[in-house]
Amino acid sequence: MKDFPKNFLWGAAMSAPQTEGQSLAFGKSATTWDHWFQKSPEKFNQSQGPAITSGVYDHYLADCQRMEEIGLNSLRASISWARLLPDGKTINSAAVEFYRDYFSAMSAHGVEPIINLFHFDMPMWLMDQGGWESRDSIEAFAFYAKTCFELFGDLVKKWTTFNEPMVHVECGYLYQYHYPAVIDFQRAVQVGYHTLLAHKAAVKAFRAVSETGEIGIILNISPTYPKSEAKADLLAAYRSDLLNTRSFLDPAVLGSIPEDLKTLLAENDLLPEVNAGDKELIAENLVDFIGLNYYQPRRVQTPQAANRPAQMPADFYAPYDWPDKKINPYRGWEIYPEALYDVALMMKDDYHNIPWFVSENGMGVADEERFMNASGEIEDDYRIAFMEEHLSYLHQGILEGSKCFGYHAWTFIDCWSWLNGYRNRYGFYRLDLETLERSVKKSGKWFKTVSQNNGF
Ligand code: BG6
């Protein structure tokens, strides 16, 4: 039996744009996703857009009951900026009513809400002004954050500012998976820098408003594994860590951007525009905890040929395809649970053992109907095995002193996923796309026993 620490959070994660639906109704304005889908629906799997998703806006009360039914004692959701402040300034009272009721219902079912402020869902009015490229985005986000803390602070005690900020940077400005889908390393760095400052400004606003709550940030983190111990591969891994992990984690927890990252950017003419006072803002507003999303490891090697100055991160490190890897063929991601142990020790040794939790971990599988039994239940034993393996390595890290306080699966109910639509399913509950009916999978029942036993 693997026992987890007392009061361990057993939960699941979801996001507003992937679940709420009613995307252009009840006062909500458009996000970049609404805009992009309207403009180019063919980019989205089976032309599945953000309008309906899982219909949580209409089903949330019964969903809170479902959370309790599978033993969740916590759940991470997000607030939609474009729903709460459709023009960035005016509060939408329908949104306030919805979120207050939703968070209260979670608590009534014994589920602690952990609320995130930004999950890739840039309001279109702000994107029209440059999005995170514009320095004004920092103040706009701080205002939104402060509004949330004031409106919901009595119901929510754990907040996070961003989900995986590196993803909107790289997918929007390097790899074309998010709007505006441009390729420009310099602009990507500026977007990342303003996002970091927006996070810091939100933490500052939080300290001014909240006396009892805690605030963190959710980062997609994996240690970088080099192809070999050769000097060039080690340098590639070091640079990958600087860009992908330490760029946000160091300033969030330690209060400074790594000097080596600044040097690397300077050498490649990639430094962002910086204002007086930024350094202090970064130094002073540290987080209380970290949320860590983990799906797959990052493996790198030295690039064969590299542009100088760099045009893309690939000029610093090239992906390495480990021949021995185990893979989830649906999502194309390597399965390497050992990384959760490595990352647990990294948090302990390099980040002064700050409290943290696994804020996402899960397995996306296509065509799950294949695993439906005669009574209509999806027998997702592969998901149970995936989570057990990851939890085992996490448990080892905790035994060795890492302060992990929870494990949140991605996700609660099958949800819409960006350009992939509903192709891969991750939920403890299956979603019927025709009826929006939810039915518990075998993994949901399994998770209940894990939560009840506080281990497995
Ligand atoms: C995380 C995101 O990176 O991965 C989620 O926070 C996302 O929004 C999840 O849905 C799974 O990835 P995907 O692309 O398969 O949906």
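Numbers at a glance
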| item | result |
| --- | --- |
| Dipole of the stretch 353-435, positive direction: furthest Cα of 396, 355, 374, with charges on the beta-carbon | 355 |
| Magnitude of the charge dipole, the chain, Cβ model with Lys/Arg +1 and Asp/Glu -1, debye to 20 | 160 debye |
| Percent RCO, i.e. relative contact order, over the stretch 329-411, from Cα pairs under 8 Å lying at least 6 residues apart | 50 percent |
| Values of log10 I(q)/I(0), in the order q = 0.09, 0.12 Å⁻¹, for the stretch 9-453 under a Debye, Cα-only, solvent-free model | -0.55, -1.04 |
| Highest-first arrangement of 355-367, 408-420, where packing means the average Cβ count within 10 Å | 408-420, 355-367 |
| Residues whose placed amide H lies under 5 Å from that of residue 300, excluding near-sequence neighbours | 225, 227, 320 |
| Structure-based [θ]222 nm, the chain - -39500 (n - 2.57) summed over DSSP H runs of at least 4, per residue, nearest 500 | -11500 deg cm²/dmol |
| For 111, 300, order by how many other beta-carbon atoms lie within 10 Å, fewest first | 111, 300 |
| Hydrodynamic radius of the stretch 305-456 per Kirkwood, over alpha carbon pairs, in Å | 17.6 Å |
| For the stretch 204-297, convex hull of alpha carbons as volume per residue, Å³ | 113 Å³ |
| Ellipsoid equivalent to the stretch 178-255 - semi-axes via the Cα gyration tensor, in Å | 30, 18, 10 |
| Three principal axis lengths of the stretch 69-119 [C-alpha, angstrom, descending] | 38, 21, 12 |
| Cut-off 14 Å, label 7 Å out along Cα→Cβ of residue 204, residues of the stretch 134-173 by amide N | 136-146 |
| Amide H contacts of residue 333 (H built 1.01 Å from N, under 5 Å, at least 5 apart or other chain) | 328 |
| Sequence-separation-based contact order of the chain, relative, with Cα cut under 8 Å and 6+ spacing, percent | 18 percent |
| 5 angstrom amide H check on residue 54, placed H, neighbours 5+ away | 19, 20, 21, 416 |
| Alpha carbon centroid spacing (whole Å) that separates the stretch 248-318 from the stretch 423-456 | 36 Å |
| Qualifying lysines (Cα of each under 30 Å from Cα of residue 89; at least 8 residues distant if same chain) | 28, 39, 146, 157, 158, 200, 204, 279 |
| Per-selection metrics, the stretch 1-68 (Cα): Rg and Dmax in Å | 16.6, 53 |
| Packing-based exposure ordering (other Cβ within 10 Å, fewest first) of 279, 348 | 279, 348 |
| Rg/Rg_ref, the stretch 97-137, where Rg_ref = 2.2 N^0.38 Å and atoms are Cα | 1.69 |
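No value in this document is a laboratory result; all are computed from the given coordinates. All figures in this text were calculated on a predicted structure; none of them were measured in a lab. Counting neighbours? That spans all protein chains shown, and the Cβs are built from the backbone with ideal geometry, glycine included.
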